[in-house]
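The next block holds one structure in the form of structure tokens; read it before the comments.
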Amino acid sequence: MIAHLANETVSRRGLMFVLSSPSGAGKTTLTRLLREQESSLSLSVSVTTRERRASEVEGVHYYFISENEFFSMKSRGELLESAEVHGNHYGSPRREVERALEAGKDILFDIDYQGTRQLVANAPNDVVSVFILPPSMAELRSRLERRAEDSQEVIEKRLSNAKKEILRWSDYSYVLVNDDLDRTFSRLRIILAAERLRRERQTGLEQFVGDLIAEAV
């Protein structure tokens, strides 16, 4: 009875759930599955100067902007984090994220290690970071080629960058090897559920416990 009451009564601050991986390791698919099955988890839609792919939708996958617009936002402090990846710029709009966290909502980030490092520096208590590793480099290459969205030159560049990105694995709170999509997704949900229940995030616990003690007197 107490546990049920606590779930409904105790308020909490939202968290930033960060997924990073080298391109092709499965991060985008896992992000999509989380959004489909975790209705209370909202995706932070980044701005980017990259060209839009045929399969991408403006405002759903990214906000596609010019370099001038990007650097104007950055100079005004409107980006919570920003990074340059494969020659393109990415960033997370600050205002929407801060409002969501204050309202107890969780935000999902699909960003690289550069952006993750900035988030952790700016809000260490709000970030839960997960790095997704491929089962092998051969499988990573195969996934990039099966995607059929990039030229061979771009694929080779992504594989080269993947080696550098993988070396950042130890910067993350959790590391998962995506050798089985269903198992990896299940583990992601377990991590999210546990982090939501951390004592430090339960902003209403002190008042709740005080009420319990008063009730027992």
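Summary table below
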item: Any hit, segment 83-99, residues being in contact with a strand residue (DSSP E or B) (Cβ under 6 Å, 6 or more places away or on another chain), without any contact (Cβ under 8 Å) to a residue 24 or more places away in the chain, farther than 30 Å from GLY204 by Cα and assigned to a helix (DSSP H, G or I); result: no
item: Identity of the residue in segment 115-126, in contact (Cβ under 8 Å) with a residue 12 or more places away in the chain and loosely packed, with under 15 Cβ neighbours inside 10 Å, that ends up farthest from GLU200 (Cα to Cα); result: ASN122
item: Total residues in segment 54-71, condition in a loop (DSSP other than H, G, I, E, B), touching a residue at least 12 places away in the same chain (Cβ under 8 Å) and within 22 Å of the chain's Cα centre (by Cα); result: 5
item: Residue selected from segment 141-178 under the condition under 20 Å from the mean Cα position of the chain (by Cα) and of a type in the set (Asp, Glu), by the criterion modelled with the highest pLDDT; result: ASP171
item: Positions within segment 156-173 being of a type in the set (Lys, Arg) and surrounded by fewer than 16 Cβ atoms within 10 Å (Cβ to Cβ), in sequence order; result: LYS157, LYS163, LYS164
item: Unmet requirement for LYS74, which otherwise passes all of (1) free of Cβ contacts under 8 Å to residues at least 24 places away in the same chain; (2) part of a loop (DSSP other than H, G, I, E, B); (3) closer than 23 Å to VAL127 by Cα; result: (2)
item: In segment 127-171, the residues that are free of Cβ contacts under 8 Å to residues at least 60 places away in the same chain, closer than 25 Å to GLU81 by Cβ and small (Gly, Ala, Ser); result: SER160, SER170
item: Positions within segment 31-53 being among the aliphatic types (A, V, I, L, M), part of a strand (DSSP E or B) and either farther than 24 Å from ALA103 by Cα or at pLDDT 90 or above (or both), in sequence order; result: LEU41, VAL47
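Per-residue answers, yes or no, for (1) loosely packed, with under 12 Cβ neighbours inside 10 Å; (2) more than 19 Å from GLN114 (Cβ to Cβ); (3) in contact with a helix residue (DSSP H, G or I) (Cβ under 6 Å, 6 or more places away or on another chain):
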| position | (1), (2), (3) |
| --- | --- |
| ARG32 | no, yes, no |
| GLY59 | yes, yes, no |
| TYR62 | no, no, no |
| MET73 | no, no, no |
| GLU81 | no, no, yes |
| GLU98 | no, yes, no |
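The values are calculated or read from the model by the stated rules, or taken from the named source; none is laboratory data. As the structure is a prediction and not an experimental result, all values here were calculated from the model. Every residue, glycine among them, receives a Cβ derived from its backbone with ideal geometry; neighbour counts consider all protein chains shown.
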